[in-house]
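For reference, the structure discussed in these notes is given below.
The values are calculated or read from the model by the stated rules, or taken from the named source; none is laboratory data. Everything numeric here is computed off the predicted structure, so don't read it as measured data. Every residue, glycine among them, receives a Cβ derived from its backbone with ideal geometry; neighbour counts consider all protein chains shown.
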Amino acid sequence: MTATTGRRRIPVIVPVLGEEEAQAAADVVRSGWVAQGPRVAEFERAFAETVGAGHGVAVSSCTTALHLALVVLGVGPGDEVVVPSLSFIATANAARYVGATPVFADVDLATGNLTPATIDAVRTARTRAVIGVHQGGVPADVDALRAACADWGVALVEDAACAAGSTVRGRPASAGALLAAWSFHPRKVITTGEGGMLTTDDPELAARLRRLREHGMNVSAAERHASAQPVLESYLETGFNYRMTDIQAAIGLVQLRKLDELVTRRRELAARYHELLADLPGLSPVRDPAYGTSNFQSFWVLLESGGRDEALAALAAVGVSARRGIMAAHLEPAYKGAGTVSLPNTERLTRDSLILPLYHDMTDAEQGYVVDVLRAAARA
Ligand SMILES: *Cc1c(COP(=O)(O)O)cnc(C)c1O
């Protein structure tokens, strides 16, 4: 079969949604209660249990989860928040939402994640918090980051947007976090369309997060609705409408039951890429770090001697959707002039890496084809 005849387009990722999710959503619609209600509460309990956290607070996205995390920590104007530039831009934006200044730290070249050393290089007396990311599902060494942040008296928020199903030293990545923020966008391993979650072991933080996501109300709309007696709510502080709907949560409950299977399959496909790519010189694929396992939400390869854009073009020309590597916020117009120090690993990763297609029903032939195109591009 030639490149252009009979071969389906190869996408970069495909959400794994089926009849079960459609049925779960339809059941919620038929129930008449579609806003945040019993399915959200059930999804919060199930998700928190899966990721080894005491409490889950569902919200509208990981972006709003990160915002609320900084609000409950009391981060505000005059404070600095250390973030990796090498991340989806929402990580840095969260600091700006609370009026704080994001300060960019470099990342480890192999994992794409912050380390105590890269944070230490940019922290100041004004550093109030760090947002550590598990980039593309590659877990950060949270034990090292938590210990360093505790020493410095700085709060650590864990951006676990991509990390459902990743592990650190045998536990779910971000188990034991002060605050972790998760995403259920379709580009992640499990999805609710849009959606996010905060997890924490601290019941007081969880209670305040629940209030903040719902206009600062002391009692939820669902509780008022369920009560036989009139319940007069009051508004204890300025909150937000960051709620998830029961339709999303019902889909999420089905997705969560598939998580192990989805991660197992992604790891199988990643292992096969590692075999297929082994004889391509000058190309380093992302791997599990020594201390944990990735869910391979993103499978990136670093091209040691450049040529990334040419490789992307060669793939696109034959119907293979690849993506540039993870973006770097400090190179975007929105962060122009943000006073950035040198971030050599970040700049190298964002310039010279690309993300290869990896989706649940990807065939051996499709994977082989992607690697053949890369091999031909490397020769050219
Ligand atoms: C996707 C992503 C986000 C944003 O998630 P949303 O749910 O789309 O808001 C934040 N941080 C990282 C690292 C991400 O990959």
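ARG8 is checked against (1) within 30 Å of THR238 (Cβ to Cβ); (2) modelled with pLDDT under 95 and fails just one. What number does that condition carry?
Among (1) within 30 Å of THR238 (Cβ to Cβ); (2) modelled with pLDDT under 95, ARG8 violates only (1).
Restricting segment 133-160 to residues that are among the small types (Gly, Ala, Ser) and surrounded by fewer than 18 Cβ atoms within 10 Å (Cβ to Cβ), which is farthest from the ligand (Cβ to nearest atom)?
Per the criteria, the residue is GLY153.
Of everything in segment 189-221, what is out of contact with any Leu (no Cβ under 7 Å at 6 or more places or on another chain) and within 16 Å of the ligand (Cβ to nearest atom)? Give them in sequence order.
THR191, THR192, GLY193, GLU194, GLY195, GLY196, MET197, THR199
Scan segment 261-273 and tell me whether some residue there is assigned to a loop (DSSP other than H, G, I, E, B) and farther than 13 Å from LEU358 by Cα.
Checked against the condition, which is being assigned to a loop (DSSP other than H, G, I, E, B) and farther than 13 Å from LEU358 by Cα, segment 261-273 yields no hits at all.
Quick check on my filter: what residues within segment 77-92 are farther than 14 Å from HIS185 by Cα and either of a type in the set (A, V, I, L, M, F, W, C) or assigned to a loop (DSSP other than H, G, I, E, B) (or both)?
PRO77, GLY78, ASP79, VAL81, VAL82, VAL83, SER85, LEU86, SER87, ILE89, ALA92
Go over the candidates GLN229, GLN248 one by one and state the one that is over 15 Å from LEU70 (Cα atoms) and away from the ligand (no atom under 15 Å from the Cβ).
Testing whether each residue is over 15 Å from LEU70 (Cα atoms) and away from the ligand (no atom under 15 Å from the Cβ) leaves just GLN229.
Condition first: surrounded by 24 or more Cβ atoms within 10 Å (Cβ to Cβ) and over 29 Å from LEU17 (Cα atoms). Can you find one or more residues in segment 161-176 that meet it?
Within segment 161-176, not a single residue is surrounded by 24 or more Cβ atoms within 10 Å (Cβ to Cβ) and over 29 Å from LEU17 (Cα atoms).
Could you please give the count of residues in segment 296-336 that are away from the ligand (no atom under 14 Å from the Cβ), hydroxyl-bearing (Ser, Thr, Tyr) and surrounded by 13 or more Cβ atoms within 10 Å (Cβ to Cβ)?
Summing the residues that are away from the ligand (no atom under 14 Å from the Cβ), hydroxyl-bearing (Ser, Thr, Tyr) and surrounded by 13 or more Cβ atoms within 10 Å (Cβ to Cβ) in segment 296-336 gives 2.
I'd like to know if segment 337-347 contains one or more residues that are of a type in the set (Val, Ile, Thr) and either at pLDDT below 95 or not assigned by TED's automatic domain parsing to the domain that holds SER321 (or both).
Looking through segment 337-347, at least one residue is of a type in the set (Val, Ile, Thr) and either at pLDDT below 95 or not assigned by TED's automatic domain parsing to the domain that holds SER321 (or both).
Being surrounded by 12 or more Cβ atoms within 10 Å (Cβ to Cβ) and either modelled with pLDDT under 95 or in the same structural domain as ARG187 (by TED's automatic domain parsing) (or both) is the filter here, so list the residues in segment 263-281 that pass it.
Hit for segment 263-281 is LEU280, nothing else.
Take segment 61-76 and flag every residue that is more than 8 Å from the ligand (Cβ to nearest atom), in contact with a strand residue (DSSP E or B) (Cβ under 6 Å, 6 or more places away or on another chain) and under 20 Å from PHE184 (Cβ atoms).
ALA69
Give all pairs with beta carbons closer than 7 Å in which a residue from segment 69-84 that is in the same structural domain as ALA125 (by TED's automatic domain parsing) and at positive phi meets a residue that is in a strand (DSSP E or B) and surrounded by fewer than 18 Cβ atoms within 10 Å (Cβ to Cβ); count only pairs at least 6 apart in sequence or on separate chains.
Between residues of segment 69-84 that are in the same structural domain as ALA125 (by TED's automatic domain parsing) and at positive phi and residues that are in a strand (DSSP E or B) and surrounded by fewer than 18 Cβ atoms within 10 Å (Cβ to Cβ), there is no close pair.
Closer than 22 Å to ARG187 by Cβ, aliphatic (A, V, I, L, M) and free of Cβ contacts under 8 Å to residues at least 40 places away in the same chain: which single residue out of ALA334, ALA316 fits that description?
Step by step, each of ALA334, ALA316 is checked, and only ALA316 is closer than 22 Å to ARG187 by Cβ, aliphatic (A, V, I, L, M) and free of Cβ contacts under 8 Å to residues at least 40 places away in the same chain.
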